[in-house]
Amino acid sequence: MRHLALYFRALLFWLVIGLGAVYQSGTALAQSIPPTSPCDVGADRTPSGWFKQVGSPDCSDQVKWGFGEFPWLNGPLPGLPTGDDTFTTMYGGSGHYEAISTNITGLVPGRKYEIPFFGITRGTDSRSYRNRCTGLVLKLGNRANQRFPTGSSAWEQKKLTFTAGAASERLLVSVYYGGSGNCVANFALGTSPIDVIKTAKLEGEGAGDTITFTMTVENTGVETLTGVAIDQDILERKDGTSLNLTTPPVWVSNSGSSAAGTLVPGERATFTATYKLVQEDIDAGGVTNQAVGIGISPTIGEVSAYSRSEAGKDQSPTVVDIARAPSISLTKTAEYEDANGNGELDAGDRIRFRFSVENDGNTRLRNITIEDRQGACGRSHVSLAGSGGKI
């Protein structure tokens with residue numbers, strides 16, 4: 001029986017994994033991980049979007065373990081920098097370790113990612129649960145297990161780094177213990193003390209027109225953050241081509257009285273950046289853009305999150321759609337030439353026809369030919385070879 005075994009559980013290990021951002025180059029943070037916090041305190045609480053692999057997880061808070069309601073040793077636990085006060089709990093020990101899994105989506109194969117997490121270990125004041133676990137195990141797909149030992153006196157931030165092999169990968173979370181007996185691991189994924197929203201304003205839909213991106217970085221946690229900035233900005237054409245901003249993100253203002261780079265809880269910073277469109281952007285149907293907001297927590301160090309297009313939506317790129325409207329016009333004119341100069345229209349005189357082809361749409365046109373149906377004179381084809389058939 002699971003609960004009979006759980007009666008001999010021996011510890012708390014608290015791990016919080018925060019979401020971050022996907023970078024254009026270098027490292028990127030995995031996206032679309034279902035959050036495990038907040039949750040309703042109690043036994044057998046599998047977070048939405050997660051799946052039981054071994055056993056069944058519980059939900060706990062800063063004061064007590066959700067199963068058994070045992071208080072934490074020297075509790076309560078320190079407050080989470082994210083402002084969340086509940087987390088998921090799993091059992092481990094004696095060769096048996098509970099585990100849950102989820103699918104990380106929105107990955108770009110070949111791109112390097114990081115899952116940052118921070119944790120603290122702590123036992124309970126019950127003599128059966130005074131030990132502390134060694135750490136947590138994270139496993140992606142068929143890769144080897146990665147172990148992360150964590151201390152018990154303060155939050156420690158660590159990172160799981162991987163290169164995506166597919167657009168979706170399975171993440172398995174479990175615990176490990178270096179001693180004998182049982183232990184408990186608690187964690188919260190998908191929570192961060194920073195929230196980033198990016199919007200876009202397009203002044204026109206032609207080459208040379210400018211997109212202005214506005215980014216708001218909000219401190220949604222309970223600690224004052226310093227070093228608040230846009231650390232990375234990922235701009236891509238809709239065909240996947242990487243692009244560079246015309247002007248990089250710059251700080252504009254704070255919603256409160258804090259100086260640039262500092263945010264108290266609930267305060268927001270605004271940044272702007274611009275990009276000037278080129279014809280290839282129009283041909284591709286637009287661009288996508290995503291920002292990485294960072295800040296420094298006084299207890300856990302650097303925290304980060306990557307942007308969403310509006311409040312309440314999943315973290316994902318802001319898409320700027322440009323409607324493709326291909327169009328072409330043809331003007332045909334005729335010019336009479338009196339070949340023999342007699343001033344009369346007679347045999348041997350010529351009529352010269354001129355064709356003017358204009359691209360009056362907003363996309364580049366290729367393989368352009370002119371088919372002239374001249375009745376008794378037959379049908380002729382003219383290719384715009386001089387321009388490669390493009391206008």
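Throughout, read-outs are computed from the coordinates displayed, never taken from laboratory work. Quick caveat: nothing in here was measured; it's all calculated off a predicted structure. A quick note on method: Cβ atoms are made from the backbone with ideal geometry, for glycine too, and the neighbour counts reach across all protein chains shown.
Computed on the chain, with alpha-carbon pairs under 8 angstrom and 6+ residues apart, the relative contact order is 16 percent. With contacts taken as Cα pairs under 8 Å at a separation of at least 6 residues, the stretch 209-352 carries a relative contact order of 24 percent.
Placing R0 at 45 angstrom, the Cβ-Cβ distance between Ser56 and Thr274 gives a FRET efficiency of 0.35 after rounding to 0.05. For Ile370, put the label point 7 Å out on the Cα→Cβ axis and report which residues of the stretch 332-361 keep their amide N under 17 Å from it. Under cut-off, by backbone N: 332-337, 351-360. How would you classify the stretch 25-125 from its alpha-carbon gyration tensor, with a ≥ b ≥ c the square roots of the eigenvalues: rounded for a/c under 1.5, else prolate if a/b is greater than b/c, otherwise oblate? Taking the square roots of the gyration eigenvalues as a ≥ b ≥ c, the stretch 25-125 is prolate.
Computed from the Cβ-Cβ distance with R0 of 35 Å, the FRET efficiency linking Ser327 to Leu245 stands at 0.70.
Pairs over the 30 Å Cα-Cα cut-off, from the set Lys158/Lys201; Lys64/Lys139; Lys52/Lys238; Lys52/Lys313; Lys52/Lys112: Lys158/Lys201; Lys52/Lys238.
For the chain, the Stokes-Einstein estimate of translational diffusion at 37 °C and a viscosity of 0.692 mPa s comes to 133 µm²/s, using the Kirkwood hydrodynamic radius over alpha-carbon pairs. A simple spin-label model places the labels of Val319 and Thr212 2.5 nm from each other, with each point 7 Å out along Cα-to-Cβ. Within the stretch 176-204, whose backbone N sits under 13 Å from a point 7 Å along Cα→Cβ of Ala311? Answer for this model: 195-198. In a solvent-free Debye calculation with one equal scatterer on each Cα, what is log10 I(q)/I(0) for the stretch 194-321 at q = 0.13, 0.15 Å⁻¹, listed in the order of the q values? Values, matching the q order: -0.52, -0.66. Under the rule a/c < 1.5 gives rounded, and otherwise a/b versus b/c splits prolate from oblate, where does the stretch 126-227 land using the Cα gyration tensor? Judged from the Cα gyration tensor, the stretch 126-227 comes out oblate (a/c at least 1.5, b/c at or above a/b). Whole-Hz Karplus values for the stretch 266-281 come out as x, 8, 10, 10, 10, 10, 10, 8, 10, 9, 9, 5, 10, 4, 4, 5 Hz, taken residue by residue from phi with 6.51 cos²θ - 1.76 cosθ + 1.60 and θ = phi - 60°; glycine and proline positions read x.
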